[in-house]
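Structure first, commentary second.
The values are calculated or read from the model by the stated rules, or taken from the named source; none is laboratory data. Model, not experiment: these values are computed from the prediction. Glycine also receives a Cβ, built like all others from the backbone with ideal geometry; neighbour counts cover every protein chain displayed. For the accessible areas, the whole protein counts, side chains as well, though only heavy atoms, and no ligand, DNA or RNA atoms are used. Shrake-Rupley method; radii C 1.70, N 1.55, O 1.52, S 1.80 Å.
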Amino acid sequence: MNQPPVTSVPDHDPGHVPVMRDEVLALLAAKDGETYVDATFGGGGYTNAVLAAADCKVWGIDRDPDAIARGTLLADVWGEDASGAPRLKMMQGGFGGMGDMLRAVGVENVDGVMFDFGVSSFQLDEAERGFSFRTEGPLDMRMGKSGRSAADIVNDAPDTELADIFHYYGEERHARRVARTIVEARKTTPITTTLQLAEIIRSVVPGDRSGIDPATRSFQGLRIAVNDELGEIERGLEQALGILAPGGRLVVVSFHSLEDRIVKRVMAAAAGREPGLSRYDPRAMGREEKTAPFRLAFRKAMKPSDAECRRNPRARSAKLRALIRVGTSEDASGTSRITTEHEANVGAGSVKHSDRGTA
(Lines give C-alpha, C1' and ligand atoms only; values in the text may rest on other atoms or scores of the structure.)
Protein backbone atom coordinates (compact mmCIF):
# COMPACT_ATOMS: atom_id res chain seq x y z
CA MET A 1 0.00 0.00 0.00
CA ASN A 2 1.30 3.45 -0.86
CA GLN A 3 0.36 5.48 2.22
CA PRO A 4 2.56 8.47 3.05
CA PRO A 5 3.08 9.42 6.68
CA VAL A 6 0.61 11.98 7.96
CA THR A 7 3.34 14.60 8.25
CA SER A 8 3.98 14.44 4.50
CA VAL A 9 0.38 15.00 3.47
CA PRO A 10 -0.27 18.50 2.08
CA ASP A 11 -2.03 20.63 4.65
CA HIS A 12 -3.53 24.11 4.50
CA ASP A 13 -2.63 27.43 5.98
CA PRO A 14 -4.55 28.39 9.17
CA GLY A 15 -7.31 30.03 7.13
CA HIS A 16 -8.08 26.70 5.49
CA VAL A 17 -8.09 24.33 8.47
CA PRO A 18 -11.32 22.30 8.26
CA VAL A 19 -13.70 23.15 11.07
CA MET A 20 -14.14 20.52 13.82
CA ARG A 21 -11.86 18.11 11.99
CA ASP A 22 -11.12 15.98 15.06
CA GLU A 23 -14.80 15.67 15.97
CA VAL A 24 -15.75 14.77 12.39
CA LEU A 25 -13.01 12.14 12.30
CA ALA A 26 -14.07 10.61 15.63
CA LEU A 27 -17.70 10.37 14.57
CA LEU A 28 -16.91 8.97 11.14
CA ALA A 29 -14.76 6.27 12.84
CA ALA A 30 -12.83 5.37 9.69
CA LYS A 31 -11.78 1.72 9.40
CA ASP A 32 -9.47 -0.20 7.09
CA GLY A 33 -11.15 -1.40 3.93
CA GLU A 34 -14.14 0.95 4.17
CA THR A 35 -15.30 3.55 1.66
CA TYR A 36 -16.29 7.13 2.44
CA VAL A 37 -17.61 10.17 0.60
CA ASP A 38 -16.38 13.71 1.17
CA ALA A 39 -19.40 15.35 -0.43
CA THR A 40 -18.05 18.90 -0.11
CA PHE A 41 -14.38 18.30 -0.87
CA GLY A 42 -13.22 21.93 -0.98
CA GLY A 43 -9.57 21.84 0.03
CA GLY A 44 -9.57 18.20 1.09
CA GLY A 45 -8.97 18.79 4.79
CA TYR A 46 -11.42 16.15 6.00
CA THR A 47 -10.32 13.72 3.30
CA ASN A 48 -6.69 14.07 4.38
CA ALA A 49 -7.63 13.23 7.95
CA VAL A 50 -9.70 10.19 6.99
CA LEU A 51 -7.09 8.73 4.66
CA ALA A 52 -4.44 9.22 7.33
CA ALA A 53 -6.60 7.52 9.97
CA ALA A 54 -7.24 4.22 8.16
CA ASP A 55 -6.36 2.18 5.08
CA CYS A 56 -9.61 3.21 3.40
CA LYS A 57 -10.89 4.87 0.25
CA VAL A 58 -12.56 8.25 -0.26
CA TRP A 59 -14.69 9.60 -3.09
CA GLY A 60 -14.32 13.38 -3.21
CA ILE A 61 -17.24 15.31 -4.73
CA ASP A 62 -17.32 19.00 -5.61
CA ARG A 63 -18.93 21.09 -8.31
CA ASP A 64 -16.05 23.58 -8.25
CA PRO A 65 -13.47 22.68 -10.93
CA ASP A 66 -10.75 24.30 -8.81
CA ALA A 67 -11.54 21.86 -5.98
CA ILE A 68 -11.37 18.95 -8.43
CA ALA A 69 -7.91 20.10 -9.52
CA ARG A 70 -6.75 20.23 -5.90
CA GLY A 71 -8.20 16.79 -5.28
CA THR A 72 -6.48 15.33 -8.32
CA LEU A 73 -3.11 16.44 -6.96
CA LEU A 74 -3.96 15.04 -3.54
CA ALA A 75 -4.97 11.71 -5.09
CA ASP A 76 -1.46 11.38 -6.52
CA VAL A 77 -0.02 11.89 -3.02
CA TRP A 78 -2.16 9.18 -1.43
CA GLY A 79 -1.52 6.73 -4.24
CA GLU A 80 -3.08 3.26 -4.36
CA ASP A 81 -4.17 0.58 -1.93
CA ALA A 82 -2.89 -3.01 -1.87
CA SER A 83 -5.18 -3.97 -4.76
CA GLY A 84 -3.84 -1.18 -6.94
CA ALA A 85 -6.98 0.99 -6.74
CA PRO A 86 -6.62 4.72 -6.04
CA ARG A 87 -7.36 5.58 -2.41
CA LEU A 88 -8.87 8.93 -3.45
CA LYS A 89 -11.07 9.42 -6.49
CA MET A 90 -12.64 12.73 -7.51
CA MET A 91 -16.05 13.33 -9.08
CA GLN A 92 -17.17 16.73 -10.35
CA GLY A 93 -20.80 17.61 -9.78
CA GLY A 94 -23.33 18.72 -7.20
CA PHE A 95 -23.64 16.46 -4.17
CA GLY A 96 -27.39 16.50 -4.69
CA GLY A 97 -26.80 13.81 -7.31
CA MET A 98 -24.16 11.80 -5.48
CA GLY A 99 -26.15 8.57 -5.43
CA ASP A 100 -26.57 8.49 -9.18
CA MET A 101 -22.95 9.54 -9.68
CA LEU A 102 -21.64 6.74 -7.48
CA ARG A 103 -23.95 4.07 -8.85
CA ALA A 104 -22.79 5.02 -12.36
CA VAL A 105 -19.28 3.87 -11.40
CA GLY A 106 -20.46 0.74 -9.62
CA VAL A 107 -20.62 2.00 -6.02
CA GLU A 108 -23.92 1.03 -4.40
CA ASN A 109 -23.15 1.68 -0.72
CA VAL A 110 -20.58 3.53 1.36
CA ASP A 111 -19.61 3.46 5.02
CA GLY A 112 -19.76 7.17 5.71
CA VAL A 113 -20.58 10.56 4.20
CA MET A 114 -19.17 13.92 5.29
CA PHE A 115 -20.69 17.33 4.54
CA ASP A 116 -19.26 20.78 5.25
CA PHE A 117 -21.86 23.22 3.98
CA GLY A 118 -21.48 26.77 2.79
CA VAL A 119 -18.76 28.57 0.89
CA SER A 120 -15.25 27.11 1.20
CA SER A 121 -12.33 29.09 2.55
CA PHE A 122 -10.65 28.83 -0.83
CA GLN A 123 -13.64 30.36 -2.59
CA LEU A 124 -13.96 33.09 0.02
CA ASP A 125 -10.29 34.00 -0.08
CA GLU A 126 -10.05 34.18 -3.87
CA ALA A 127 -11.24 37.66 -4.85
CA GLU A 128 -11.79 36.63 -8.46
CA ARG A 129 -14.54 34.22 -7.37
CA GLY A 130 -16.68 37.13 -6.17
CA PHE A 131 -17.85 35.69 -2.83
CA SER A 132 -16.36 38.26 -0.45
CA PHE A 133 -17.57 41.78 0.25
CA ARG A 134 -14.16 42.65 1.73
CA THR A 135 -12.13 42.48 -1.48
CA GLU A 136 -12.72 43.80 -4.98
CA GLY A 137 -13.72 41.18 -7.50
CA PRO A 138 -16.29 40.36 -10.16
CA LEU A 139 -19.77 39.80 -8.75
CA ASP A 140 -19.89 36.09 -9.53
CA MET A 141 -20.44 33.67 -6.57
CA ARG A 142 -20.94 30.58 -8.77
CA MET A 143 -19.47 27.53 -7.04
CA GLY A 144 -19.59 25.55 -10.26
CA LYS A 145 -18.51 28.43 -12.50
CA SER A 146 -21.59 28.02 -14.68
CA GLY A 147 -25.18 29.24 -14.74
CA ARG A 148 -26.64 32.53 -13.58
CA SER A 149 -24.14 34.69 -11.67
CA ALA A 150 -24.76 37.07 -8.79
CA ALA A 151 -24.35 39.99 -11.20
CA ASP A 152 -27.07 38.54 -13.43
CA ILE A 153 -29.50 38.40 -10.50
CA VAL A 154 -28.59 41.80 -9.09
CA ASN A 155 -28.94 43.56 -12.44
CA ASP A 156 -31.94 41.70 -13.88
CA ALA A 157 -34.20 40.50 -11.05
CA PRO A 158 -37.19 42.67 -10.02
CA ASP A 159 -37.08 44.26 -6.60
CA THR A 160 -39.59 41.76 -5.20
CA GLU A 161 -37.35 38.81 -6.11
CA LEU A 162 -34.30 40.54 -4.68
CA ALA A 163 -36.16 41.34 -1.47
CA ASP A 164 -37.21 37.69 -1.10
CA ILE A 165 -33.62 36.52 -1.63
CA PHE A 166 -32.24 38.87 1.01
CA HIS A 167 -35.08 38.18 3.44
CA TYR A 168 -35.47 34.40 3.22
CA TYR A 169 -31.91 33.34 2.43
CA GLY A 170 -29.98 36.15 4.07
CA GLU A 171 -32.38 36.79 6.96
CA GLU A 172 -31.82 40.49 6.35
CA ARG A 173 -34.32 42.68 8.24
CA HIS A 174 -33.91 45.53 5.77
CA ALA A 175 -34.37 43.35 2.67
CA ARG A 176 -36.92 45.57 0.93
CA ARG A 177 -34.84 48.68 1.48
CA VAL A 178 -31.74 46.95 0.10
CA ALA A 179 -33.65 45.69 -2.94
CA ARG A 180 -35.12 49.11 -3.76
CA THR A 181 -31.72 50.77 -3.44
CA ILE A 182 -30.09 48.22 -5.76
CA VAL A 183 -32.80 48.70 -8.38
CA GLU A 184 -32.31 52.47 -8.27
CA ALA A 185 -28.51 52.20 -8.43
CA ARG A 186 -28.48 49.86 -11.44
CA LYS A 187 -30.55 52.35 -13.47
CA THR A 188 -27.45 54.51 -13.64
CA THR A 189 -24.62 51.98 -13.68
CA PRO A 190 -24.62 48.17 -13.88
CA ILE A 191 -23.51 46.57 -10.63
CA THR A 192 -20.62 44.32 -11.58
CA THR A 193 -18.20 44.13 -8.63
CA THR A 194 -18.34 42.95 -5.02
CA LEU A 195 -17.27 46.24 -3.47
CA GLN A 196 -19.73 48.15 -5.62
CA LEU A 197 -22.61 46.04 -4.28
CA ALA A 198 -21.26 46.09 -0.73
CA GLU A 199 -21.17 49.88 -0.66
CA ILE A 200 -24.75 50.10 -1.93
CA ILE A 201 -25.91 47.77 0.84
CA ARG A 202 -23.90 49.56 3.53
CA SER A 203 -25.49 52.86 2.50
CA VAL A 204 -28.92 51.68 3.71
CA VAL A 205 -28.27 48.96 6.31
CA PRO A 206 -27.20 50.31 9.71
CA GLY A 207 -24.46 48.61 11.67
CA ASP A 208 -25.33 46.71 14.84
CA ARG A 209 -23.68 45.83 18.12
CA SER A 210 -22.43 42.49 16.85
CA GLY A 211 -19.89 44.20 14.62
CA ILE A 212 -21.01 42.13 11.63
CA ASP A 213 -20.53 43.97 8.34
CA PRO A 214 -23.90 45.33 7.11
CA ALA A 215 -23.36 43.56 3.77
CA THR A 216 -22.96 40.11 5.34
CA ARG A 217 -26.57 38.91 5.27
CA SER A 218 -27.38 40.19 1.80
CA PHE A 219 -24.23 38.60 0.36
CA GLN A 220 -25.14 35.33 2.07
CA GLY A 221 -28.64 35.39 0.62
CA LEU A 222 -27.38 36.15 -2.86
CA ARG A 223 -24.79 33.33 -2.71
CA ILE A 224 -27.43 30.83 -1.57
CA ALA A 225 -29.74 31.86 -4.40
CA VAL A 226 -27.02 31.70 -7.06
CA ASN A 227 -26.08 28.14 -6.08
CA ASP A 228 -29.50 26.84 -4.94
CA GLU A 229 -27.71 25.80 -1.76
CA LEU A 230 -30.74 24.92 0.34
CA GLY A 231 -32.29 22.81 -2.40
CA GLU A 232 -28.96 21.09 -2.94
CA ILE A 233 -28.68 20.37 0.80
CA GLU A 234 -32.12 18.74 0.82
CA ARG A 235 -31.22 16.59 -2.17
CA GLY A 236 -27.75 15.79 -0.86
CA LEU A 237 -28.94 14.59 2.54
CA GLU A 238 -31.59 12.35 1.00
CA GLN A 239 -29.01 10.93 -1.41
CA ALA A 240 -26.61 10.28 1.46
CA LEU A 241 -29.24 8.39 3.44
CA GLY A 242 -29.88 6.22 0.40
CA ILE A 243 -26.27 5.08 -0.06
CA LEU A 244 -25.23 4.45 3.55
CA ALA A 245 -24.52 0.81 4.33
CA PRO A 246 -25.66 -0.73 7.65
CA GLY A 247 -23.56 0.88 10.36
CA GLY A 248 -22.75 3.77 8.01
CA ARG A 249 -22.38 7.27 9.43
CA LEU A 250 -23.55 10.65 8.16
CA VAL A 251 -21.59 13.57 9.64
CA VAL A 252 -22.63 17.14 8.84
CA VAL A 253 -21.09 20.51 9.68
CA SER A 254 -23.32 23.52 8.96
CA PHE A 255 -22.72 27.22 9.48
CA HIS A 256 -26.01 29.04 9.74
CA SER A 257 -29.53 28.43 10.92
CA LEU A 258 -31.06 27.81 7.49
CA GLU A 259 -28.65 24.92 6.84
CA ASP A 260 -28.92 23.51 10.35
CA ARG A 261 -32.72 23.51 10.33
CA ILE A 262 -32.74 21.32 7.24
CA VAL A 263 -30.12 18.96 8.70
CA LYS A 264 -31.97 18.69 12.00
CA ARG A 265 -35.30 18.01 10.31
CA VAL A 266 -33.98 15.40 7.87
CA MET A 267 -32.01 13.57 10.57
CA ALA A 268 -34.92 13.60 13.02
CA ALA A 269 -37.25 12.17 10.41
CA ALA A 270 -34.75 9.47 9.45
CA ALA A 271 -34.37 8.52 13.11
CA GLY A 272 -38.14 8.26 13.55
CA ARG A 273 -38.38 11.31 15.78
CA GLU A 274 -41.54 12.86 14.38
CA PRO A 275 -42.19 16.39 15.63
CA GLY A 276 -45.47 17.36 17.13
CA LEU A 277 -47.45 15.62 19.81
CA SER A 278 -46.43 15.87 23.44
CA ARG A 279 -46.12 12.59 25.33
CA TYR A 280 -48.98 13.89 27.50
CA ASP A 281 -51.29 14.31 24.50
CA PRO A 282 -53.83 11.42 24.42
CA ARG A 283 -53.41 11.18 20.66
CA ALA A 284 -49.77 10.17 21.16
CA MET A 285 -50.85 7.03 23.00
CA GLY A 286 -52.34 5.58 19.85
CA ARG A 287 -49.20 5.85 17.80
CA GLU A 288 -47.47 2.64 16.84
CA GLU A 289 -43.82 2.24 17.73
CA LYS A 290 -41.75 2.08 14.57
CA THR A 291 -38.21 0.82 14.17
CA ALA A 292 -36.32 3.62 12.44
CA PRO A 293 -33.54 2.76 9.99
CA PHE A 294 -31.27 5.41 11.54
CA ARG A 295 -30.44 6.74 14.97
CA LEU A 296 -29.02 10.07 16.08
CA ALA A 297 -25.44 9.91 17.34
CA PHE A 298 -26.42 12.54 19.92
CA ARG A 299 -29.49 14.67 20.53
CA LYS A 300 -28.17 18.22 20.32
CA ALA A 301 -25.83 19.86 17.87
CA MET A 302 -22.17 19.91 18.83
CA LYS A 303 -20.20 23.14 18.55
CA PRO A 304 -16.47 23.80 18.25
CA SER A 305 -14.31 24.36 21.30
CA ASP A 306 -13.46 27.86 22.50
CA ALA A 307 -9.84 27.10 21.65
CA GLU A 308 -10.73 26.28 18.04
CA CYS A 309 -12.83 29.43 17.73
CA ARG A 310 -9.86 31.48 18.92
CA ARG A 311 -7.60 29.80 16.37
CA ASN A 312 -10.12 30.02 13.56
CA PRO A 313 -12.87 32.67 13.94
CA ARG A 314 -14.75 31.15 10.99
CA ALA A 315 -15.56 28.18 13.22
CA ARG A 316 -17.70 30.21 15.62
CA SER A 317 -21.04 29.56 13.95
CA ALA A 318 -20.42 25.88 13.14
CA LYS A 319 -22.77 23.12 14.29
CA LEU A 320 -22.13 19.40 13.93
CA ARG A 321 -24.78 16.69 13.76
CA ALA A 322 -24.39 12.98 13.06
CA LEU A 323 -26.61 10.05 12.14
CA ILE A 324 -25.90 6.30 12.11
CA ARG A 325 -27.63 3.68 9.98
CA VAL A 326 -28.89 0.87 12.20
CA GLY A 327 -28.01 -2.63 11.12
CA THR A 328 -24.98 -4.21 12.78
CA SER A 329 -23.52 -4.59 16.23
CA GLU A 330 -20.74 -2.27 15.10
CA ASP A 331 -22.98 0.59 14.03
CA ALA A 332 -21.90 2.70 17.01
CA SER A 333 -18.24 1.71 16.92
CA GLY A 334 -15.97 4.69 17.24
CA THR A 335 -18.80 7.00 18.27
CA SER A 336 -19.65 5.73 21.75
CA ARG A 337 -16.96 7.73 23.53
CA ILE A 338 -17.64 11.07 21.88
CA THR A 339 -21.42 10.52 22.07
CA THR A 340 -21.33 9.61 25.75
CA GLU A 341 -19.18 12.60 26.60
CA HIS A 342 -21.44 14.93 24.64
CA GLU A 343 -24.66 13.72 26.30
CA ALA A 344 -23.04 13.67 29.75
CA ASN A 345 -21.87 17.24 29.35
CA VAL A 346 -25.33 18.34 28.23
CA GLY A 347 -26.88 16.77 31.28
CA ALA A 348 -24.31 18.24 33.63
CA GLY A 349 -24.57 21.74 32.19
CA SER A 350 -20.86 21.73 31.40
CA VAL A 351 -19.33 24.57 29.44
CA LYS A 352 -17.10 22.19 27.50
CA HIS A 353 -17.42 22.46 23.74
CA SER A 354 -19.56 19.37 23.36
CA ASP A 355 -22.23 20.97 25.54
CA ARG A 356 -22.60 24.16 23.57
CA GLY A 357 -25.09 22.85 21.05
CA THR A 358 -28.61 23.99 20.45
CA ALA A 359 -31.61 21.82 19.88
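Values as computed for the structure displayed
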| quantity | calculated |
| --- | --- |
| For Glu80, distant residues with modelled amide H under 5 Å away | Asn2, Arg87 |
| Relative packing of 76-86, 96-106, 126-136, which averages over residues the other C-beta atoms within 10 Å, highest first | 126-136, 96-106, 76-86 |
| Distance-filtered residues of the range 44-64 - backbone nitrogen under 20 Å, label point 7 angstrom along Arg314 Cα→Cβ | 44-50, 60-64 |
| Residue-level accessible surface for Lys187, protein heavy atoms, 1.4 Å, Å² | 140 Å² |
| Förster-model FRET efficiency, 45 Å R0, Arg173 and Val326, C-beta, rounded to 0.05 | 0.60 |
| Mean separation of Cα contacts under 8 Å, 6 or more apart, over the residue count of the range 11-152: relative contact order % | 22 percent |
| Sulfur and carbon atoms: percent of accessible area, the range 32-162 [1.4 Å] | 48 percent |
| In order through the range 107-112: 3J(HN,Hα) via Karplus (6.51 cos²θ - 1.76 cosθ + 1.60), integer Hz, x for Gly, Pro | 9, 8, 9, 10, 9, x |
| Label-point separation in nm, Leu195 to Asp76, each point 7 Å along Cα→Cβ | 3.6 nm |
| Gain upon complete extension [Ser257, Arg299; 0.36 nm per residue less C-alpha separation] | 13.4 nm |
